[in-house]
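*Asks:* Quick one: this structure, given as structure tokens, is what I'll be asking you about.
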Amino acid sequence: MKMENDMKKIKICGITNEKEVEYLNEAKVDFAGFIQFVSKSKRNIETKQAKALINLLDKSIKSVAVTISPDIEQIEIIQEAGFDYLQIHGSISDEVLEKINIPAIKAFNVNDLSEYVRFHNCEKVVGYIFDAQVPGSGKAFDWSVIKNIPKDEKFAMLAGGLNCENVAQALKMTNIDGVDTSSGVENDNGIGKSREKIIQFAKIVREHQ
């Protein structure tokens, strides 16, 4: 499942409130990520709250439930909430994979790329996100490792420490299908998303197609 066109896709992750949804609508990004069932994350929100925010998204923006090793019950809750995609960090069993009936995105950290072949052969997985060793840390990794991953028909996005200062370089080095950021577009105090940074991030990506 390749992207609909050749334009680089933009995903903003860790959305928590209505104001941030307004910023995404204004910037016309492609994906909005909502952290689900990750209690240790400061950006984690209840599924009921995420569902209300999804209803405020522009119809062109796809909603993504971002999870770590979700169980069957969590997947069922996410699917009932109406998310467009399920993003999976960590491990997932074949039994749980079988229960997924919305498009899945498998996130890989730089230390678990050995799992790539398994998901390459999984029809439920339509795309990948290549992230830093500690997802959500705001730290980048050596982007050159992406070049060693076999290309297939699924889309691929880059995450981990991306911001307005380095996203152009990341796109140039990897020629990847899209980019994903969270802390890179937060306010300087680390609380909430910055409208200016989201607008600028999207502008830079679109200038570097």
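*Asks:* Of the beta bridges DSSP finds with both residues in region 52-205, what % are antiparallel, to the nearest 5?
*Replies:* Among the beta bridges of region 52-205, antiparallel pairing accounts for roughly 5 percent.
*Asks:* Applying a 10 Å radius around every beta-carbon, put 31-41, 51-61 in order of their mean neighbour count, most first.
*Replies:* 31-41, 51-61
*Asks:* Residues with beta-carbon under 12 Å from that of V64, excluding V64: net charge, scoring Lys, Arg +1 and Asp, Glu -1?
*Replies:* Charge balance near V64 sits at 0.
*Asks:* When you count, for each residue, the other Cβ atoms within 10 Å and take the mean per peptide, how do 72-84, 176-188 rank with the highest first?
*Replies:* Highest-to-lowest ranking by the protection proxy: 176-188, 72-84.
*Asks:* Region 28-48 to region 81-105: how many Å between their Cα centroids?
*Replies:* Answer, in whole Å: 15.
*Asks:* Which value at 222 nm does the chain reach when only helices count, each DSSP H run of 4 or more adding -39,500 (n - 2.57), with the total divided by all residues and rounded to the nearest 500 deg cm²/dmol?
*Replies:* After summing the helix terms and dividing by the residues of the chain, the value is -8000 deg cm²/dmol.
*Asks:* Note down the nm distance, to one decimal, between modelled labels 7 Å out along Cα→Cβ at K48 and at K147.
*Replies:* Result: 5.1 nm between the two label points.
*Asks:* Using a 10 Å cut-off on Cβ atoms, rank the peptides 147-155, 10-18, 190-198 from the highest mean neighbour count down.
*Replies:* 10-18, 190-198, 147-155
*Asks:* Can you list the HN-Hα couplings for region 145-156, worked out from phi with the Karplus curve (6.51, -1.76, 1.60; θ = phi - 60°), rounded to whole Hz and with x for Gly and Pro?
*Replies:* Once rounded to whole Hz, the list reads 5, 4, 5, 8, 8, x, 7, 9, 7, 8, 7, 9.
*Asks:* Can you give the extra length, in nm with one decimal, that the chain gains between K40 and E18 once fully stretched, where that is 0.36 nm per residue apart less the Cα-Cα distance?
*Replies:* Contour length minus the Cα-Cα distance gives 5.7 nm.
*Asks:* A follow-up question, please. Would you mind computing, in nm to one decimal, how far apart the modelled labels at E196 and E73 are, each placed 7 Å from Cα along Cα→Cβ?
*Replies:* The answer from the label model is 4.5 nm.
Taken together, the values in this text are just the output of simple stated rules run on the coordinates, not laboratory data. Bear in mind the structure is a predicted one, so any value in this text is a computation, not a measurement. Heads up, the Cβs are rebuilt from the backbone with ideal geometry, glycines too, and the neighbour counts pull from every protein chain shown.
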